[in-house]
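Below: the structure, in structure tokens.
Here, each number is a calculation from the coordinates, and none is a lab measurement. These numbers come from a predicted model, not from an experiment. For neighbour counting, all protein chains shown are included, and Cβ atoms are generated from backbone atoms with ideal geometry for every residue, glycine included.
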Amino acid sequence: MKKKVNEKKKEIEIKKEKENKNNRESKKENKPLDKKSENRKVAIFLDKLYKRVDQYRLQGKSLYAIKLLERLVSSFPGVGKIYEKIGHCGMDLGDAMGSLRAYLTAIYFEPENLLVKLGTAECFFILGVHDHSMKLIKEVIEIEKSNFSANLLLGKHYELSGAFQKALIVFQSIEDQSDDSRYSELLCQIGECYLGQQKPEQAIEYLERSLILAPDNMPALLSKAICHGQMNEIEEAFSSVEKVIKNDPENVDALAFSAFYLLLLGKKSQAIARIEKASEIEPDSDMVKSIREEIFSKKVNHTKIVEFF
């Protein structure tokens, strides 16, 4: 009898021990993740979403990417990278003001992020706030002297002010960085500087190199047309500018220059139709007004094309 009691007692103890073990394991499984593990999980999650956003941008779906990022803001309000990506997408869509707001928020959280500083500088440049833009560019160049995007934007500042030689020096300092994704843009800018110096032969060499890398580079095509015009190669000029209009039917500069080339080719009625369309789109454009005046004048000034650039 005593033996049976002892066996029963032992059986109860074993059962209790199993229950305790199961409870311990259950608690261990339900134990909250430590901070490091939690942060790692969040980082992996966000990294996957950033990659998806980059894919959307490559597919031309930047608006969809912005909507995805904006949904993240409420869950991760202090993550600067989200605002940085929103800024990049906004620039894809041509929304400089919206991008500026996103970049400024990103700078608040990540004040030393060079990509964000450059994005902000580019927004300021587009919006005409050049002193703010230059300040940020110089901050980046102090840290990375050969930063491609910073020097590209710095050169654009000089070019815009008419300091073509100064711009060329800056552009040529990064000309050896041919692996950069914006290299075609750089070649185009160098070409435009030579064009601004009335050196169309040198300009066209760079513009054609730019177009080899990016055949749909509309600024390069338009500048190439102007080069041909300066060299009095009017048919080639007209052919280049027509490609721009085919891609962008409301490009005012292209319409105006094509009107002038049509005039030089003896097609005045077509020239009038083109310049009137340009006037409807942008009636206050000095260039459009000047070309319109030239078209309706009795004597055509063939050297006027140089003045227009």
Along the three principal axes, how long is region 87-228 when you take its alpha carbons, biggest first, rounded to the nearest angstrom?
48, 30, 28
At 7 Å along the Cα-to-beta-carbon direction for both ILE44 and GLU293, put a label point, then send me their distance in nm to one decimal.
6.9 nm
Separation of alpha-carbon centers, region 62-86 and region 190-253, rounded to whole Å
38 Å
Cα-based Rg and Dmax for region 184-281, in Å, come out at 13.0, 38
What length, rounded to one decimal in nm, is gained on full extension from ILE212 through to SER75, with 0.36 nm per residue of separation minus their alpha-carbon distance?
44.9 nm
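Can you pick out the pairs among LYS156/LYS246; LYS36/LYS138; LYS85/LYS246; LYS36/LYS61; LYS61/LYS289; LYS246/LYS289 whose Cα atoms lie more than 29 Å from each other? Present the calculation step by step, with values, prior to reporting the outcome.
Details: LYS156/LYS246 27 Å; LYS36/LYS138 37 Å; LYS85/LYS246 32 Å; LYS36/LYS61 34 Å; LYS61/LYS289 38 Å; LYS246/LYS289 23 Å.
Violating the 29 Å limit, Cα to Cα: LYS36/LYS138; LYS85/LYS246; LYS36/LYS61; LYS61/LYS289.
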One point scatterer per Cα, no solvent, Debye formula: log10 I(q)/I(0) for region 135-206 at q = 0.12, 0.21 Å⁻¹ comes out as -0.29, -0.84
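Taking the number of other C-beta atoms within 10 Å as the exposure measure, put ARG209, ARG292, ARG52 in order starting with the fewest.
On the way: ARG209 16, ARG292 20, ARG52 12.
Ordered from fewest to most neighbouring Cβ atoms within 10 Å, ARG209, ARG292, ARG52 come out as ARG52, ARG209, ARG292.
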Cβ neighbours within 10 Å, averaged per peptide: list 274-281, 175-182, 73-80 in order, most packed at the top.
274-281, 73-80, 175-182
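Summarise the long-distance tail of P(r) for region 228-277 by giving the % of C-alpha pairs beyond 17 Å.
Details: 304 of 1225 pairs.
Percent of Cα pairs beyond 17 Å in region 228-277: 25.
Could you state the orientation-averaged shadow area of the convex hull built on the Cα atoms of region 59-127, in nm² to one decimal? Before the final figure, lay out the partial values.
Values: hull surface 16.8 nm².
Here the figure is 4.2 nm², rounded to one decimal.
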What distance in nm separates the simple spin-label points at GLU282 and ASP54, each placed 7 Å from Cα in the Cβ direction?
3.5 nm
Distance in Å, no decimals, from the C-alpha centre of region 114-182 to the one of region 35-56 is 31 Å
Considering only the other residues whose Cβ falls under 14 Å of the Cβ of ARG71, what net charge follows from Lys and Arg at +1 and Asp and Glu at -1?
+2
Per-pair calculated FRET efficiency, R0 = 41 Å: ALA163 and ILE272 via Cβ, rounded to 0.05:
0.65
